[in-house]
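Undergrad: Got a structure for you, written out below as structure tokens; questions coming shortly.
The values are calculated or read from the model by the stated rules, or taken from the named source; none is laboratory data. Keep in mind that this is a model prediction, so the values were computed, not measured. Counting neighbours? That spans all protein chains shown, and the Cβs are built from the backbone with ideal geometry, glycine included. Ligands, DNA and RNA are stripped out before the accessible areas are found, and what is left, the full protein with its side chains, is counted by its heavy atoms. Shrake-Rupley method; radii C 1.70, N 1.55, O 1.52, S 1.80 Å.
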Amino acid sequence: MKTNNPTVGLRQDLFAMKYAINALFVRWGVNAGTETYVTNIVRPWYESKPSGCEFLFYCNQLPPWWKGDRPWFRAIVLKSAKRVGWRIFYEQLWLPLVGLISFDALFAPGYVGSALMQKPQAITVHDAFAWLYPGEIGLLRSLYWRMFIPLSLQSRNSLITVSASTATDLKRFCNIDSQTLHVIHEAGSHLSEINEGGTILERLGLEPGKYFHCVGFFKRIKNPYTILNAYRSYCAAAGSNSANKLVLVGHVGNSVGQEIADFASKIPGVILAGRLTDESLSDLYRNSAALIFASLYEGFGIPILEAQELGCPVITSRSSSMPEVAGDGALLVNERSVSDVAAALSKISEKTEAETLIRKGKVNYQKFSWQKASDMTLDVLRKVNT
């Protein structure tokens, strides 16, 4: 049973700290990156009570992993927060009022905290899109983030970023006290224990090792035209035994996505797979000749680690956080160069090169852990109250 009264304290332990979690921004099944983050950071607190902690989980609907309230973890469902205007109201006005009596500190994993909040906060900012690529997130959202990220990063609050690269970006754009900034890397191990037995390959007409793939593709920031032209150039030069298909995974969504899809669909060998389940995606990684993840910018880049864990070679960009995440387990390219990406496709098609990258990738991904990230985040949240 979920609690509908947001002012009801948990009070299972008189000495426990009461933490609120603002997950009102998550649209489960839609917000792939932030949903993955919230699930893997927060779910361990839900499944096993951390010592001295109790939680109020504010959301617009219950997450897929929810199995009912726990004595130490209760959900407050605010369905109207699915609408942007109401969500801003809850974040900036309602939560600060509720916080006066209901909790001791707030964890805001979705970029912005509550500027009027009297209680301390730990706020996760995943990237600097609002400053660097505002068109990718929409101008209104960009303005909201550019206004409220700095406002909510008061000296008493802590900032969590998911990469050192993002931390550097935010230092450029916000007046941040470095002592309150914490870099806590994400991870990629959430696909390792699931698969669907190769059904996706049969459905798409794929042979193991005979295709490349891209994920979350239908956005300009994912560098689609350079990648597609590089694939076309590679195919023109490659032999018949080389990987000769390119699978594009992701929701087409808006007119920009449709323009990219229309361009891609005219290239022989390109397959538009749409949005896939995690089970299908796991199988796609396991059998792919390489993940092509040559984005123009990433705040972290979870797909790099997903691929490395599942034994899929990686091609990624030299820019932003991607070298930090990939380590030496990927081919790094100039993401703006068609010839550089095409050359990487040829190189990674060589068995020796692929095997080397797979081996190095498996070593690299072990440096990252969702459990470690969850524990470190809770540690920041505990300290923000001292």
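Undergrad: From the set of residues in the stretch 166-185 that are more than 15 Å from Tyr111 (Cα to Cα) and not basic (Lys, Arg), which is surrounded by the most Cβ atoms within 10 Å (Cβ to Cβ)?
TA: So the residue we want is His185.
Undergrad: Could you run through the stretch 249-284 and say how many residues are among the small types (Gly, Ala, Ser), under 15 Å from Gly29 (Cα atoms) and assigned to a loop (DSSP other than H, G, I, E, B)?
TA: Residues meeting the conditions: 2.
Undergrad: Gly301 passes all but one of (1) crowded, with 21+ Cβ neighbours inside 10 Å; (2) at negative phi; (3) not aromatic (Phe, Trp, Tyr); which number fails?
TA: Status for Gly301: all satisfied but (2).
Undergrad: Another one. Out of the residues in the stretch 316-330 that are touching a strand residue (DSSP E or B) at 6+ places or on another chain (Cβ under 9 Å), of a type outside the set (Ser, Thr, Tyr) and without any contact (Cβ under 8 Å) to a residue 40 or more places away in the chain, which is most open to solvent (accessible area, probe 1.4 Å)?
TA: Step by step, filter the stretch 316-330, then rank; the result is Arg318.
Undergrad: So is Ser163 within 25 Å of Gly110 (Cα to Cα), open to solvent by less than 60 Å² (accessible area, probe 1.4 Å) and touching a strand residue (DSSP E or B) at 6+ places or on another chain (Cβ under 7 Å) or not?
TA: Spelling it out, Ser163 is indeed within 25 Å of Gly110 (Cα to Cα), open to solvent by less than 60 Å² (accessible area, probe 1.4 Å) and touching a strand residue (DSSP E or B) at 6+ places or on another chain (Cβ under 7 Å).
Undergrad: Continuing with the same structure: For Ser152, state whether it is buried (at least 20 other Cβ atoms within 10 Å of the Cβ) and in contact (Cβ under 8 Å) with a residue 60 or more places away in the chain.
TA: no
Undergrad: Please determine whether any residue of the stretch 354-370 is buried (at least 18 other Cβ atoms within 10 Å of the Cβ) and more than 25 Å from the chain's Cα centre (by Cα).
TA: The answer is yes; a qualifying residue exists.
Undergrad: Then there is this: Could you tell me whether Glu279 is charged (D, E, K, R), modelled with pLDDT under 95 and either over 18 Å from Lys210 (Cβ atoms) or in contact with a Gly (Cβ under 6 Å, 6 or more places away or on another chain) (or both)?
TA: yes
Undergrad: Just to be sure before I move on: is Ser349 farther than 26 Å from His190 by Cα, in contact (Cβ under 8 Å) with a residue 40 or more places away in the chain, open to solvent by 10 Å² or more (accessible area, probe 1.4 Å) and among the polar types (S, T, N, Q) in the structure I sent?
TA: Criteria met by Ser349.
This table checks each residue for (1) open to solvent by less than 20 Å² (accessible area, probe 1.4 Å); (2) within 21 Å of Val325 (Cα to Cα); (3) in contact with a Cys (Cβ under 7 Å, 6 or more places away or on another chain); (4) at pLDDT below 95.
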site: Ala237; (1), (2), (3), (4): no, no, no, yes
site: Val270; (1), (2), (3), (4): no, no, no, no
site: Ile292; (1), (2), (3), (4): yes, yes, yes, no
site: Leu296; (1), (2), (3), (4): no, yes, no, no
site: Ala307; (1), (2), (3), (4): yes, yes, no, no
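Undergrad: Here's another thing I want to ask about it. Might you let me know whether the stretch 75-83 holds any residue that is in contact with a Pro (Cβ under 6 Å, 6 or more places away or on another chain) and either outside any loop (DSSP other than H, G, I, E, B) or exposed (fewer than 15 other Cβ atoms within 10 Å of the Cβ) (or both)?
TA: yes
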